[in-house]
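Here's the structure we're looking at; comments come further down.
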Amino acid sequence: MEKINIIQSTSIPIMRDNIDTDQLIPKQFLKNILKTGYGKNLFYDWRYERPNKPNPDFILNKPERQGAEILIAGENFGCGSSREHAVWALKDWGFRVVIAGGYSDIFYMNSTKNGFLAITLPKDQREILAQAAPNEKITVDLPNQTVTFRDHQFSFEIDPLWKHKFVNGLDDIAITMNYEQQIKDYEAQIPDFG
């Protein structure tokens, strides 16, 4: 998993509430078992007027918004089905962080397991962040748990275990492998009944 410490990036505001996983990545695109290739279909029904014809008015299609790593959203982000593909699509498009008013439990856990930072901030703070011009950067400082924009600085909460995993780039397997010698020692004590 890629480490996350400080992310300084432009942003994309989509201040809609209840953006569900089917809006993030519609069901017809769930055939791939890899974690890549989903970004082109992120927000598909909003991004395209018809197949292969981008909607020029949708913010993800605007040239000045390309390369943004921070998504600012409304309440209850990632609700709906449990599809992990929604997080894969966000990451594959290039987002590393979403800042919303709250998340479904499953979406939040899928985010943490995939190295995608989901931050919760109140609406008034997100509305300030949503004012960022296409060339203005927002700074997410995970070690200090702050989001900074212009002269505003907002604090956010994160479980210390998840913070440790993100800052050190550790997934569950990497954490388990930290105990490799203890596992081997334990296994060496198991009697051989063969």
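Rule-based calculations on the coordinates, nothing more; no lab input. All of these numbers come straight from a predicted model, not from anything done at the bench. Note: ideal-geometry Cβ built from the backbone for every residue, glycine included; neighbour counts use all protein chains shown.
Some points to look at:
- Violating pairs (Cα-Cα greater than 28 angstrom) within the set K31/K137; K31/K53; K35/K184; K62/K165: K31/K137; K35/K184; K62/K165
- Kirkwood Rh and Cα Rg combined as Rg/Rh, segment 7-73: 0.96
- Spin-label pair E136-K163: with each label point 7 Å from Cα along the Cα-Cβ axis, the two points sit 2.7 nm from one another.
- In this rough spin-label picture, where each label sits 7 Å from Cα along the Cβ direction, the A174-M15 distance is 3.6 nm.
- Euclidean distance of C-alpha centroids, segment 9-45 and segment 63-79, integer Å: 10
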